[in-house]
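I have placed the structure first, in the form of structure tokens, so that the comments after it can refer back to it.
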Amino acid sequence: MTKEQLNKRIRYLLIFFISALALSGITAFPLVWELSILNKYLGQDTYASTIFPALSNFIAYVNRGLIETDENYPFLFYGTDWLAFAHIIIAIAFIGPFKDPVRNKWVIDFGIINCLLIFPLALIMGNIRGIPFFWQVLDCSFGILGLIPLLLIKKYIKQLEKYDH
């Protein structure tokens, strides 16, 4: 593969990763609205509840919790606003490898470490917070989905480094 092809692949993967990371953060802002839509199609008394009753019950439970929190304690959502902000800021950090992948390869390692840390966080804190196991596994899937492009980028950067030596 040529240097130009490697750079192109790295940039495409980074565009995907940056976009997915920023989008996942942005979705933390309208939680009440999002869960009301999810509840409408996957919550209790929907066709999905006959196929996945545990999932439907959990979605309805979370939806009720968010509605009650929004009505009585809206300041708690300030925490998820900061979560969204952190996603966006971390996504911005990946502009460094977009500009110069070899010099900023540490950002890719940082991302890989973060993706790996999703697993203990989801499984330990999910258990402590009473999150159903199937939802913890769904959260872990974000670590896997992040690892795939980052590991490819790391591989391509190693190939790119050979051109610089």
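Of these, Thr80, Thr50, which one is of a type in the set (Val, Ile, Thr), more than 18 Å from Leu138 (Cα to Cα), part of a helix (DSSP H, G or I) and without any contact (Cβ under 8 Å) to a residue 12 or more places away in the chain?
Only one candidate qualifies: Thr50.
Give just the number: which of (1) touching a residue at least 24 places away in the same chain (Cβ under 8 Å); (2) among the aromatic types (Phe, Trp, Tyr); (3) out of contact with any Ser or Thr (no Cβ under 8 Å at 6 or more places or on another chain) does Phe29 not satisfy?
(3)
Six or more apart or on different chains, Cβ atoms under 8 Å: show the pairs whose first residue is in region 145-165 and in a helix (DSSP H, G or I) and whose second is of a type in the set (Lys, Arg).
Leu152/Arg9; Lys154/Lys105; Tyr156/Arg9; Ile157/Lys105; Leu160/Lys3; Tyr163/Lys3
Output the residues belonging to region 107-144 that are assigned to a helix (DSSP H, G or I) and small (Gly, Ala, Ser). First the steps, then the outcome.
Taking region 107-144 as the starting set, the residues that turn out to be assigned to a helix (DSSP H, G or I) are 107-128, 133-144.
Matches in region 107-144: Gly111, Ala122, Gly126, Ser141, Gly143.
Return the residue satisfying two criteria in turn: it lies in region 1-53 and is under 14 Å from the mean Cα position of the chain (by Cα) and of a type in the set (Ser, Thr, Tyr), and of such residues it is surrounded by the fewest Cβ atoms within 10 Å (Cβ to Cβ).
Here the answer is Ser19.
So that you can scan it fast, the table gives a plain yes or no per residue for (1) of a type in the set (S, T, N, Q); (2) more than 21 Å from Gly146 (Cα to Cα); (3) in contact with a strand residue (DSSP E or B) (Cβ under 9 Å, 6 or more places away or on another chain); (4) surrounded by fewer than 14 Cβ atoms within 10 Å (Cβ to Cβ):
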position: Phe58; (1), (2), (3), (4): no, yes, no, no
position: Gly65; (1), (2), (3), (4): no, yes, no, yes
position: Phe75; (1), (2), (3), (4): no, yes, no, yes
position: Asp81; (1), (2), (3), (4): no, yes, no, yes
position: Pro97; (1), (2), (3), (4): no, no, no, no
position: Ile108; (1), (2), (3), (4): no, no, no, no
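Quick one: in region 1-12, of everything that is in a helix (DSSP H, G or I) and among the aliphatic types (A, V, I, L, M), which residue is farthest from Ile90 (Cα to Cα)?
Taking region 1-12 first, the residues in a helix (DSSP H, G or I) are 3-12.
Those left that are additionally among the aliphatic types (A, V, I, L, M): 6, 10.
Values: Leu6: 23, Ile10: 18 Å.
Applying the filter and picking the extreme gives Leu6.
Within region 13-47, track down each residue that is over 30 Å from Ile108 (Cβ atoms) and part of a loop (DSSP other than H, G, I, E, B).
Listed by number, the residues that qualify are Pro30, Gly43, Gln44, Asp45, Thr46.
Taken together, the values in this text are just the output of simple stated rules run on the coordinates, not laboratory data. Only a predicted model underlies this, so the values are computations on that prediction, with no experimental measurement involved. Here the Cβ is made from the backbone with ideal geometry for all residues, glycine too, and neighbour counts use every protein chain on show.
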